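A.B. asks: A single structure is presented below for examination.
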Amino acid sequence: MKKQKIMDFLSDLGRSLMMPIAALAASGVILGITGALLKTQVLETIPLLKQPTIFYILNTLKTISGIVFTLIPVLFAISISFGLAKEDKEIAAFAGFIGYYTFLVSASCVLQSNVMNFNSINTAAILGIETIDMGAVAGIITGVAVATLHNKYHKIEFPVGIAFYGGKRFVSIVVILAMTVMGQIAPFIWQPISQGITYLGKAISNSGAFGVFTFGFLERLLIPTGLHHVLNGIFRTTAVGGVYEGVEGCLNIFLQFFDKVNISEMTPFTRFLGQGKMPFMMFGLPAAAFAIYRTTPKEKSEKVKALMIAGVAASIISGITEPLEFAFMFIAPAIFVFHAVMGGLSFMLMSILGVTVGNTGGGVIDFIIWGVLQPGSKWYWIIVVGVFYAIIYYLTFKWYFTKKNLSIDVADNDNENKQVKTDTGKYDTELNIGIKVIEGLGGKENIKNINNCISRLRVDVINMDKINMDILKNTGSMGIVKPSDTHVHIIYGPKVEKVANAVKEALKIVS
């Protein structure tokens, strides 16, 4: 039971981290494009970009998008508070910001008190306060603490005389008190912890190619559990991923310095970023999908073809691989381990070859913006390695699926699904899908909580035995994972947001 609670917590934490990471990825695209266009070589080649109005617009977008990356801790505090809250999430998010700001002020008071020598602790001006610099860790701690307090106290009731301060209003009060105490303690305990984190980062860095391989291998192997988000978050936002001029985390470092220093300075940090995924996302998995299609019995080939095309498009364009990975990981677990090993090798090879292509995604968009458009990134190695990856993946998948006589089962479309009329009198297909998902989850009464990340519908249920896998497959699910006895991930790929909204709307009308 304890292990299950830990897994549930880590799964929810990983999902909560995806909200700010998605915002950072979008800002990164803008930063990458504007940064590339404002490089001296590009300005000399395209004089139009020097035109005052155009230059001003590009420079403004670059400056604004760059500032976003300095807000990671407070974004984490808000998003984790929101994501881990069971009810009244907007109240928790509000308390998350209050809690983080209170923590900064409280810690600042300790540093200025001269109660002891804090000269060895890193400090920085954060949200206008000169205070302890714990990076993303402060945001994560705040978010978890605020969500815990919110879930415990957001329905508390007081006597009539002070009833006004009960319920939702009490959340902010207790958060301020708790984070004040935590801010007072933090400077005394952070120094040894930060030294330990830095030591771990140096150990991984000093392990060279093996360390990079281990990271890439685990990053893929954790896909079924969804915990790869947690692993990525640690490397991207803490000293484990590296430290450069006081900035911690490989993603933070790359996005804050890529256009300010020679690109070769960023190579030690991009080895944990998108470049490691590109050979298998853009070449390996598409080749595997073709092999799966080629080994599929004729009677299934058209349906499998449609599934593979959708999965390949998601993998190449946006770097979302779950639709393809979940298509084979359960029927061929050995081949999934092979895929994880190839993932580790991909990260390692990009590092050895000195490739410097950053950001979080592994699709063609990031490849062009952060690779092709950035002089000195050595993006061409991705294509060279990718070609070999395509050949290896195709031959391995074809051999394994043929030897084991495996094929993917694609559920038939349920043509008997009744259509639901909206208030306008029109039939709503999306709402119908939401109703079918609820049915597949065992009915409205079996659903405790429902959320989604970038590719999965994440649902807390009361009784796992009531889930009907066949019905869920008929809604377009590409795979189902049960991290615990009360939590299930339903894989939909890029369309998950639409499915999640449909389910939430359907929950309002299903009896």
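A.B. asks: Any residue that is crowded, with 20+ Cβ neighbours inside 10 Å, under 26 Å from Val230 (Cβ atoms), in contact with a strand residue (DSSP E or B) (Cβ under 9 Å, 6 or more places away or on another chain) and at pLDDT 80 or above - is there at least one of those in segment 4-27?
C.D. replies: No: zero hits.
A.B. asks: Right, something else. Quick one: in segment 229-269, of everything that is in contact with a Lys or Arg (Cβ under 8 Å, 6 or more places away or on another chain), under 17 Å from Ala136 (Cβ atoms) and not polar (S, T, N, Q), which residue is modelled with the lowest pLDDT? If you could, list the steps in order and put the result at the bottom.
C.D. replies: In the first step, residues of segment 229-269 are kept if they are in contact with a Lys or Arg (Cβ under 8 Å, 6 or more places away or on another chain); the result is 229, 249-252, 259.
Remaining after also requiring under 17 Å from Ala136 (Cβ atoms): 229, 249-252.
Right, trim to not polar (S, T, N, Q) and you get 229, 249-251.
Numbers: His229: 70, Gly249: 84, Cys250: 86, Leu251: 84.
Among residues in segment 229-269 that are in contact with a Lys or Arg (Cβ under 8 Å, 6 or more places away or on another chain), under 17 Å from Ala136 (Cβ atoms) and not polar (S, T, N, Q), the one modelled with the lowest pLDDT is His229.
A.B. asks: Name the single residue that is farthest from Ile253 (Cα to Cα) among those in segment 315-343 being small (Gly, Ala, Ser) and buried (at least 23 other Cβ atoms within 10 Å of the Cβ).
C.D. replies: Our first condition is that a residue be small (Gly, Ala, Ser); within segment 315-343, this holds for 315, 318-319, 327, 332, 334, 340, 343.
From what's left, buried (at least 23 other Cβ atoms within 10 Å of the Cβ): 315, 319, 327, 343.
Values: Ser315: 26, Gly319: 22, Ala327: 35, Gly343: 23 Å.
If we take residues in segment 315-343 being small (Gly, Ala, Ser) and buried (at least 23 other Cβ atoms within 10 Å of the Cβ), then Ala327 is farthest from Ile253 (Cα to Cα).
A.B. asks: Output the qualifying pairs, or none if there are none: Cβ atoms under 6 angstrom, residues six or more apart or on different chains, first residue in segment 495-509 and without any contact (Cβ under 8 Å) to a residue 60 or more places away in the chain, second residue surrounded by 14 or more Cβ atoms within 10 Å (Cβ to Cβ) and of a type in the set (Gly, Ala, Ser).
C.D. replies: Here the result reads Val496/Ser455, each pair linking segment 495-509 to a residue that is surrounded by 14 or more Cβ atoms within 10 Å (Cβ to Cβ) and of a type in the set (Gly, Ala, Ser).
A.B. asks: So which of Val410, Val488 is closer than 18 Å to Phe326 by Cβ and at pLDDT 75 or above? If you could, list the steps in order and put the result at the bottom.
C.D. replies: Numbers: Val410 fails: at pLDDT 75 or above.
Val488 is the lone residue from the list that is closer than 18 Å to Phe326 by Cβ and at pLDDT 75 or above.
A.B. asks: May I pose another question? So is Leu43 at pLDDT 75 or above, surrounded by fewer than 16 Cβ atoms within 10 Å (Cβ to Cβ) and touching a helix residue (DSSP H, G or I) at 6+ places or on another chain (Cβ under 6 Å) or not?
C.D. replies: Values: at pLDDT 75 or above: yes; surrounded by fewer than 16 Cβ atoms within 10 Å (Cβ to Cβ): yes; touching a helix residue (DSSP H, G or I) at 6+ places or on another chain (Cβ under 6 Å): yes.
When the stated conditions are applied, Leu43 passes them.
A.B. asks: A further question follows. Kindly indicate whether Leu285 is closer than 29 Å to Ile309 by Cα, crowded, with 24+ Cβ neighbours inside 10 Å, aliphatic (A, V, I, L, M) and in contact with a His (Cβ under 9 Å, 6 or more places away or on another chain). If you could, list the steps in order and put the result at the bottom.
C.D. replies: On the way: closer than 29 Å to Ile309 by Cα: yes; crowded, with 24+ Cβ neighbours inside 10 Å: yes; aliphatic (A, V, I, L, M): yes; in contact with a His (Cβ under 9 Å, 6 or more places away or on another chain): yes.
Here the answer is yes, as Leu285 does meet what is asked.
A.B. asks: I need a count of the residues in segment 253-289 that are in a helix (DSSP H, G or I) and in contact (Cβ under 8 Å) with a residue 40 or more places away in the chain. Before you say what the answer is, go through the steps one by one.
C.D. replies: Going through segment 253-289, the residues in a helix (DSSP H, G or I) turn out to be 253-257, 263-270, 274-276, 278-289.
Keeping just the survivors that are in contact (Cβ under 8 Å) with a residue 40 or more places away in the chain gives 254-256, 263-264, 266-270, 274-276, 278-288.
Residues that pass the stated criteria total 24.
A.B. asks: Restricting to segment 50-77, count the residues that are over 21 Å from Arg236 (Cβ atoms) and of a type in the set (Ser, Thr, Tyr).
C.D. replies: 4
A.B. asks: From the list Leu457, Leu395, which residue is outside any loop (DSSP other than H, G, I, E, B), among the aliphatic types (A, V, I, L, M), modelled with pLDDT of 80 or more and under 26 Å from the mean Cα position of the chain (by Cα)? Walk me through it before giving the result.
C.D. replies: Working: Leu395 fails: under 26 Å from the mean Cα position of the chain (by Cα).
Checking each option against the conditions leaves just Leu457.
A.B. asks: Quickly run through segment 465-483 and pick out the residues that are surrounded by fewer than 17 Cβ atoms within 10 Å (Cβ to Cβ) and touching a helix residue (DSSP H, G or I) at 6+ places or on another chain (Cβ under 9 Å). Show your work before the answer.
C.D. replies: Initial filter on segment 465-483 (surrounded by fewer than 17 Cβ atoms within 10 Å (Cβ to Cβ)): 465-466, 468-470, 482.
The answer is Lys466, Asn468, Met469, Asp470, Lys482.
A.B. asks: So, one more: Of all residues in segment 345-368, count the ones that are buried (at least 23 other Cβ atoms within 10 Å of the Cβ) and in a helix (DSSP H, G or I).
C.D. replies: 7
A.B. asks: Across segment 74-123, which residue is surrounded by the fewest Cβ atoms within 10 Å (Cβ to Cβ) among those that are closer than 15 Å to Met134 by Cα, at pLDDT 85 or above and among the polar types (S, T, N, Q)?
C.D. replies: Ser108
A.B. asks: If you scan segment 475-500, which residues turn out to be assigned to a helix (DSSP H, G or I) and within 12 Å of Ile438 (Cα to Cα)?
C.D. replies: Start the filter on segment 475-500 by keeping residues that are assigned to a helix (DSSP H, G or I), which leaves 493-500.
Within segment 475-500, Val499, Ala500 qualify.
The values are calculated or read from the model by the stated rules, or taken from the named source; none is laboratory data. It should be emphasised that the depicted structure is a prediction, and the values quoted were computed from it without experimental measurement. Cβ sites come from the backbone with ideal geometry, for glycine too, and all protein chains shown count toward neighbours.
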